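Contents: one structure, followed by commentary.
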Amino acid sequence: MGTRLPFCIRRGAIFYFRRRLPSPAKMSVEFSLGTKDERVARRLCSLLAIESDRAFAVMREGGMTPEQSEDFIRHKFAEHRAKLDLVHAVGLDGGGDWKSQINASKAAALAFNTLALRGRDGEVEPSFITDDPDADEVLRLARQSIKTYREDHWSDSRSRRIKTDLMLLFPDAEMAPGDVAHARWLTLRACAAASASVAKKYSQADITLTDLEDLAARLEQAIAKLADPPSSAPKNQDRQTEPQAAAEAEAPAKTHIVTFTEETVAQERQDGRLASGTLDQKLQVVNMFVWATGKEYFQDLKQSDIKRYVDCLKLIPKNHKAPVYEGLTAEAMMAKAAFLDRREVGLSAQTINRNLSYLTKLMRQAQLAGVEGLPKLLIGEFRLARMVRGHEQRPGYTAENIAKLFGHPIWTGCHSLARRHVPGDVIVWDGLYWCPLISAYSGMRREEIAGMQVAEVVLDAEVPHFIVAENGNRGLKTLASTRTVPLHPALLRLGFDRYVRKLQKAGETNLFPELKPTEGTKSSWGDKLHYNFSKAVKLSLGASHVEKDAAKTFHSFRHYICTALDRIETIKDKTTRDIVGHENVGTTDRIYKEPALLAVKLAALEFLPDLSEAAAIAVQTKQVIPARKSAVFRKKARAAA
């Protein structure tokens, strides 16, 4: 049925957009606008008419084909409308202000439309909205949001996403030079139309009793159809099902993704070539992939599932493991994230790329295991470009930073065992005291130090040293992590040898027994250091504990060691790598050269400045007490009593 609206027809009560494609194509674009309201249909048709004009212009210049124009228009409109629908539904379900959500959608439509019509530098003007009772509020929200939309839709990541959309929708087509710019305009107009549609949907007048009676009648009719089986089956039904049954019988059995991963992880644990934490992380990534895509079997995967997974990682909260998000579906979590600050949403490029590497390896393992029916998926193509250089992702300490840190009450005298950040006359020899000092003079990782055992500290040798090896407390990150590291003389001046000998005398197994993880949890030996150490860093360094939006952490000691040793011309790169446990580079260093001698490593570490002078003075002048007594200490105390 025709209407007075351009390119608009009505089938029953629903309005449809229809437009003939330009010659030589003898076909038309037609799809539902999803509305019964003539005013909404008029607005959508106007937007889509302009949209299709742009597409047709590109077609005439050798860009998108008629079929591609139809697919892209429908795809972007449906995608954004579904997302907004979900945001509104979750917001209403959570008790949000329905009116503010509607105004936000109106403002989004206004901002998107402004960018599409006026370009990247367009600004919202009051004349753009005049017939709305909340025009002032919508205008204010639109002016606030347009900057965010501008930065997003003209960012490098958005351009890459548009290219990916075009590649996925039209895998066999070659993109014309203007396709990305044109697709950006298509996306903006589709977002504007979808925002206006959803705002209209949720701002409709109250449902009347007649509407409810009509709904009840339709539901009763549907229930009756389900209750009454068809009186007669089509004559050719049996003939159709026979080949279908044969095909199903010949189809390979489906392989469960998580079950297969658990089996490969169990085998890798047995082989012992990868750290336990790495294998746990791999299993978590695969479980998250299944959660995000809803696909449980390899044979059901499609290329679009990889895109959906990456998009999900970009749209979920950074703290998605928090209890408040537990049990949510991917869609519900993304909807909640839509109300958060932009800086709180989306995993880092490094994390997304790591997860994609796990998936690539998993697909290769499935192929080697002979899993049949595996789809050919492009996974590596979704890797994201890092926005900062590698050494800037986690800033290192400077010598001045470390000197200030070791001037904190933990190392110069605190009030008591329970009040470590308050100055006083007590020094507690425990993991919180020793682990940072050891790392600052050796570059050892937090878990390597915290999970060390007493037997792995060798004092009675020509060069006292640590033995870094796998033990019952923890594994190691890589094969190169197994090594020996000299004790820096500064540690001996602080009394580390006395601390170790007391533990040996008491029969203690672990170097820092108070750091033992709580049973029944997945915490590590170093986790109990995190809170108080991070607090000490913030109190000692103030604003300088953050550089380029990245906080300095325990791992920053490794950056300091590597940088400090690299600046000393007489120290070879191989010596530095042997000290910190990095893989050597080149066939000669990796295969034919033995690790540097302990004496050579010690000579290199002795070039480091002594940054713990204040702590050394405090050890001589203040009371030193042990940490919380371990089970061995308590047993000996009871025996003595």
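The values are calculated or read from the model by the stated rules, or taken from the named source; none is laboratory data. Note that the structure is predicted; figures quoted are calculated from it, not measured. Note: ideal-geometry Cβ built from the backbone for every residue, glycine included; neighbour counts use all protein chains shown. The area values use the complete protein model at the heavy-atom level, side chains included, leaving out ligands, DNA and RNA. Shrake-Rupley method; radii C 1.70, N 1.55, O 1.52, S 1.80 Å.
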Total charge of the residues flanking Val454 in space, meaning their Cβ is under 11 Å from its Cβ, with Lys and Arg +1 and Asp and Glu -1, is +1
Which shape class applies to region 324-475: rounded if a/c is under 1.5, otherwise prolate when a/b exceeds b/c and oblate if not, where a ≥ b ≥ c are the square roots of the Cα gyration tensor eigenvalues?
prolate
Note, ³J(HN,Hα) from phi for region 255-261, Karplus 6.51, -1.76, 1.60, rounded to Hz, x at Gly and Pro:
10, 6, 5, 5, 4, 4, 5
Enumerate by residue number the trypsin sites (Lys or Arg not before Pro) in region 445-539 meeting two conditions: DSSP loop (anything except H, G, I, E, B), and at most 11 other Cβ atoms within 10 Å of the site's Cβ.
Lys522
Heavy-atom accessible area per residue, region 309-378, 1.4 Å probe: how many Å²?
55
For region 512-598, with all protein chains present and a 1.4 Å probe, just round the carbon and sulfur fraction of the accessible area to a whole percent.
52
Quick check: at a probe of 1.4 Å, how many percent of the accessible area of region 251-351 sits on carbon and sulfur atoms?
52
Around Ala337, what is the net charge, scoring Lys/Arg as +1 and Asp/Glu as -1 over all other residues with Cβ under 15 Å from its Cβ?
+1
I need the shape label for region 479-573. Rule: rounded when a/c is under 1.5, else prolate if a/b > b/c, else oblate, with a, b, c from the alpha carbon gyration tensor.
oblate
Of the listed links Lys200/Lys321; Lys302/Lys477; Lys254/Lys516; Lys76/Lys318; Lys477/Lys552; Lys307/Lys516, those spanning more than 31 angstrom between alpha carbons are Lys200/Lys321; Lys302/Lys477; Lys254/Lys516; Lys307/Lys516
